[in-house]
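Beneath this line is the structure, given in structure tokens, with notes to follow.
Any read-out appearing in this document is the output of simple, stated calculations on the displayed coordinates, not a laboratory observation. Computed from a predicted structure; not experimentally measured. As a convention, Cβ positions derive from the backbone with ideal geometry for all residues, glycine included, and neighbour counts pool all protein chains shown.
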Amino acid sequence: MTIGEYSFWRMWTLTTGTLVQLMNLSAFWSILAQLLGAMKPIMSGVTVQPATSSATTNKADRVGLTPHIFIGTSFVPPLYPWLLCRGTQRAENRKKYDQARQEFLTKPKPPEKSHNYSGCRTGRAVVVSKAALCQVPPMGKNLSYTAVGLDRVHHRRRDNAWIAGRLADEKTRIVPVWQDRSLISPGAATIEGTPGDTPKAVLLGGKQKQVLLAEADHVTLLGLDGDIAYFAADISQADETARDALAGAGEFHDLRRVGALMAGPEAALLAYARGLMYWHRRHVFCGLCGNPTESHDGGHLRRCTNAGDPHNHFPHTDPAVIMLVSHDNPHGNGPACLLGRQSRWAEGMYSTLAGFVEPGETLEEAVAREVLEESGVRVTNVEYKASQPWPFPSSLMLGFRVRAETAEIKIDDREIEDAQWFRPEEVRSFGEWCAAPSGGAPGGVSPVLGKAGGAHAPAGEKRLPRKDSISRWLIEGWLEDVGCGK
Ligand SMILES: [Zn+2]
């Protein structure tokens with residue numbers, strides 16, 4: 001006997017199987033017992049009250065049910081046709097599922113997308129042009145050391161044969177780093193005011209490249225610009241004679257002396273190389289087991305030589321928040337921004353407040369904490385503006401604009417020596433940054449930069465932060481917004 005495509009035995013199996021499963025449900029029997037108990041007093045003319053003693057009834061009460069709603073319901077006889085329909089529906093659903101699965105398995109798959117990674121993007125992206133990379137938001141316009149414009153070729157870093165081929169390629173260029181200094185074209189101007197030509201990065205190829213690679217302690221793949229590969233090579237261990245012989249075409253400078261005067265992508269390339277070489281030199285031994293480490297993945301991984309349990313170490317940057325704090329009217333004469341200075345800074349220089357992000361802290365919390373700790377001012381409306389790699393030595397600066405809720409300043413003199421509210425006209429009257437350290441001799445020599453400073457601003461004059469800093473960028477942006485831009 002058949003009904004449609006289902007045999008009698010199939011329907012019998014479905015029906016009895018479902019009934020057996022239903023019989024096994026203790027909840028079903030519990031509800032049935034409640035129904036029978038509720039019907040009994042009605043049959044005898046007694047008013048029903050919800051029971052409160054049994055666990056089952058309590059549970060029903062918690063979900064908003066009482067035995068009343070089932071009174072008069074006799075659902076067992078209609079259950080049989082429902083079970084028959086349910087078994088038929090299940091079989092139809094199974095048939096649809098089998099058809100869909102078969103279609104899925106036999107349907108042609110779309111091709112896999114490219115897994116190439118680009119330098120400035122997160123996530124998957126095909127190799128993109130330098131111009132496209134420079135348009136990736138958010139990025140502070142004219143911020144130094146950003147937009148390096150290289151494809152970092154993450155997917156090729158473990159391909160040693162490919163890397164060796166690129167190193168041997170005559171088009172390849174090497175960015176030399178000597179004791180954290182970058183090779184700059186000779187006779188270049190500096191930020192301290194040394195007259196000269198616009199600084200240019202000197203990248204080595206040909207015979208110079210071979211000599212450089214032979215002397216280098218660390219060599220790292222930076223990335224590709226079209227079909228030209230760029231590597232960084234650290235020659236910090238080379239003596240001055242060897243260094244001079246290698247350099248030849250230029251002079252080694254601290255990037256902070258020339259970066260603000262260079263073309264953006266060149267400065268970014270030198271900053272990238274400097275940051276990676278700094279990390280390599282400080283991770284030649286494992287911090288966990290003390291064994292020497294070796295370079296892997298094109299120089300983007302150091303692994304210790306502990307045969308039993310090798311440890312991996314990856315390059316890192318230290319996130320630091322830096323924020324321009326604004327107030328609509330702290331002293332009754334219009335808007336102002338909060339700037340402070342540390343005693344070790346260049347004489348007269350005032351800058352935005354900043355500090356490192358601590359473990360377990362959000363960026364917003366770090367911003368509010370640092371401002372409160374250093375100045376005693378409470379802030380709100382933490383608004384992200386832009387970020388800047390700052391490899392001096394290994395930071396990533398995260399720039400914010402925040403609004404002050406309070407105006408009273410109470411500095412922490414262990415961190416800063418002064419903080420003040422400055423009106424836009426006052427900030428615009430500040431002198432330009434220069435290298436002379438506070439407390440040094442007049443027109444003195446910076447112990448860091450080794451050049452005379454103080455030529456641009458008279459003693460006692462307040463000065464802006466460096467042109468290549470995100471602090472300066474945040475201040476200039478605020479001045480524009482309050483109508484005091486250049
Ligand atoms: Zn180790």
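Relative to one another, the C-alpha centroids of the range 143-190 and the range 386-418 are positioned 31 Å apart. Just add up the charged neighbours of Ile475: K/R +1, D/E -1, any other residue whose Cβ is under 14 Å from the Cβ of Ile475. Result for the local shell: +4. Only aspartates and glutamates eight or more places from Lys410 in sequence, or on another chain, were considered; those with a Cα closer than 16 Å are Glu370, Glu373, Glu374, Asp418.
Considering only the Cα atoms of the range 130-282, their convex hull presents on average a projected area of 9.6 nm². Share of antiparallel DSSP beta bridges in the range 130-282, in percent to the nearest 5? Counting DSSP beta bridges with both partners in the range 130-282, the antiparallel share is about 75 percent. Protection proxy ranking for 174-182, 313-321, 284-292, using the average of other Cβ atoms within 10 Å per residue and placing the highest first: 174-182, 313-321, 284-292.
Taking the DSSP bridge list for the range 306-410 and keeping only pairs wholly inside it, about 65 percent are antiparallel. Arranged from fewest to most other beta-carbon atoms within 10 Å of their beta carbon, Thr146, Thr305 become Thr305, Thr146. Ranked by the mean number of other Cβ atoms within 10 Å per residue, highest first, peptides 195-208, 335-348 order as 335-348, 195-208. So how strong a dipole does the range 130-282 carry about its Cα centre when Lys and Arg Cβ are +1 and Asp and Glu Cβ are -1, to the nearest 20 debye? Computed charge dipole of the range 130-282: roughly 500 debye. Label-to-label distance for Asn329 and Phe285 is 6.2 nm, based on points extended 7 Å past Cα in the beta-carbon direction. Here the range 327-352 and the range 252-321 have alpha carbon centers that stand 35 Å from each other.
The calculated Kirkwood hydrodynamic radius for the range 265-329 is 14.1 Å, given to one decimal from all distinct C-alpha pairs.
For the range 130-282, the number of Lys pairs with C-alpha atoms closer than 23 Å, counting only pairs eight or more positions apart or on separate chains, is 8. Based on Cα contacts under 8 Å between residues 6+ apart, the range 276-413 shows a relative contact order of 22 percent.
From the square roots a ≥ b ≥ c of the eigenvalues of the alpha-carbon gyration tensor of the range 360-421, which class results: rounded (a/c under 1.5), prolate (a/b over b/c), or oblate? Here the range 360-421 falls in the oblate category.
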